[in-house]
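The values are calculated or read from the model by the stated rules, or taken from the named source; none is laboratory data. Everything quoted here is computed from the prediction, not taken from an experiment. Methodologically, a virtual Cβ is constructed for each residue, glycine included, from the backbone with ideal geometry; neighbour enumeration extends over all protein chains shown. The protein model used for the area step is the full one, side chains on, heavy atoms only, and it has no ligands, DNA or RNA in it. Shrake-Rupley method; radii C 1.70, N 1.55, O 1.52, S 1.80 Å.
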Amino acid sequence: MSASLFDLTGRLALVTGSSRGLGRAMVEGLAAAGARVIVNGTDAGRVNAAVRELVAAGHAAEAAAFDVTDEASVRAAVERIVSSDGRLDAVVNNAGVSPFVPIERMSDADLHSAFDTNLFGPVRVIRAALPVMRAQGSGTVVNVSSVATRNPCAPTHAACVSSKQALCVVTDALVKEVAQFGIS
């Protein structure tokens, strides 16, 4: 494979839940491929620290601390990004929670939390980003799920796995809805 397949120079990518862990690795990979990355998380201090480290390593990175469970803050963040940069080439919906609780002890709050973050959060970000991507005639949306949606591996994963499986269904529908606009 040619390295040029992964040249993201001039592209702008927002990765939710990217101040640490898997999301942090994603922004580092995207930045290494030349993308300017928007680091997200709910902890502004952690988001800003990640941006400082990325910039110190020679990457183009910006901070966008917001909570994917808050519709108004999602919309405001995407509007700020677009007003500042004029575009949004990629969204990686990585923010997630995993309340590992046996069903017998699972509260409604546990289930609501998992679905609000793991399903409704990505949908909120997608709804905010799609008009921009449609107007520019291109864009990419990546929704991070879990291999456990295909084969749940632990009895305490019901909230996480069911919300991530629902995200897979939304992703399948999204692909069919947006392909005609140059969005993948």
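Working carefully through the options Val68, Val39, Val51, Val47, find the one that is in contact with a Pro (Cβ under 8 Å, 6 or more places away or on another chain) and touching a residue at least 12 places away in the same chain (Cβ under 8 Å). Only one candidate passes the filter, namely Val68. Arg24 fulfils the conditions (1) over 22 Å from Leu130 (Cβ atoms); (2) under 14 Å from the mean Cα position of the chain (by Cα); (3) open to solvent by less than 10 Å² (accessible area, probe 1.4 Å) except for a single criterion, (3). Can you confirm whether Gly17 is of a type in the set (Gly, Ala, Ser), closer than 26 Å to Ser162 by Cβ, open to solvent by less than 20 Å² (accessible area, probe 1.4 Å) and touching a residue at least 40 places away in the same chain (Cβ under 8 Å)? Against the criterion (of a type in the set (Gly, Ala, Ser), closer than 26 Å to Ser162 by Cβ, open to solvent by less than 20 Å² (accessible area, probe 1.4 Å) and touching a residue at least 40 places away in the same chain (Cβ under 8 Å)), Gly17 does not qualify. Please find, within the range 135-154, the residue that is nearest to Ala25 (Cα to Cα) out of those that are open to solvent by less than 30 Å² (accessible area, probe 1.4 Å) and either assigned to a helix (DSSP H, G or I) or without any contact (Cβ under 8 Å) to a residue 40 or more places away in the chain (or both). The extreme case among them is Ala148.
Could we say that Ala65 is modelled with pLDDT of 95 or more, open to solvent by 40 Å² or more (accessible area, probe 1.4 Å) and within 13 Å of the chain's Cα centre (by Cα) here? Taking the combined requirement at face value, the residue satisfies it. Residues that are under 15 Å from Phe66 (Cα atoms), open to solvent by 40 Å² or more (accessible area, probe 1.4 Å) and of a type in the set (Gly, Ala, Ser) within the range 79-125 comprise just one, Gly96. Would you confirm whether or not the range 36-55 contains a residue that is of a type in the set (A, V, I, L, M), open to solvent by 20 Å² or more (accessible area, probe 1.4 Å) and in a loop (DSSP other than H, G, I, E, B)? No, there is no match, as no residue in the range 36-55 is of a type in the set (A, V, I, L, M), open to solvent by 20 Å² or more (accessible area, probe 1.4 Å) and in a loop (DSSP other than H, G, I, E, B). Based on this model, can you work out whether Ala159 counts as touching a residue at least 60 places away in the same chain (Cβ under 8 Å), farther than 18 Å from Leu14 by Cβ and out of contact with any strand residue (DSSP E or B) (no Cβ under 9 Å at 6 or more places or on another chain)? In short, yes.
Residues that are open to solvent by less than 30 Å² (accessible area, probe 1.4 Å) and either touching a Ser or Thr at 6+ places or on another chain (Cβ under 6 Å) or under 24 Å from Val101 (Cβ atoms) (or both) within the range 155-175 comprise Ala159, Cys160, Val161, Ser163, Lys164, Ala166, Leu167, Cys168, listed in sequence order.
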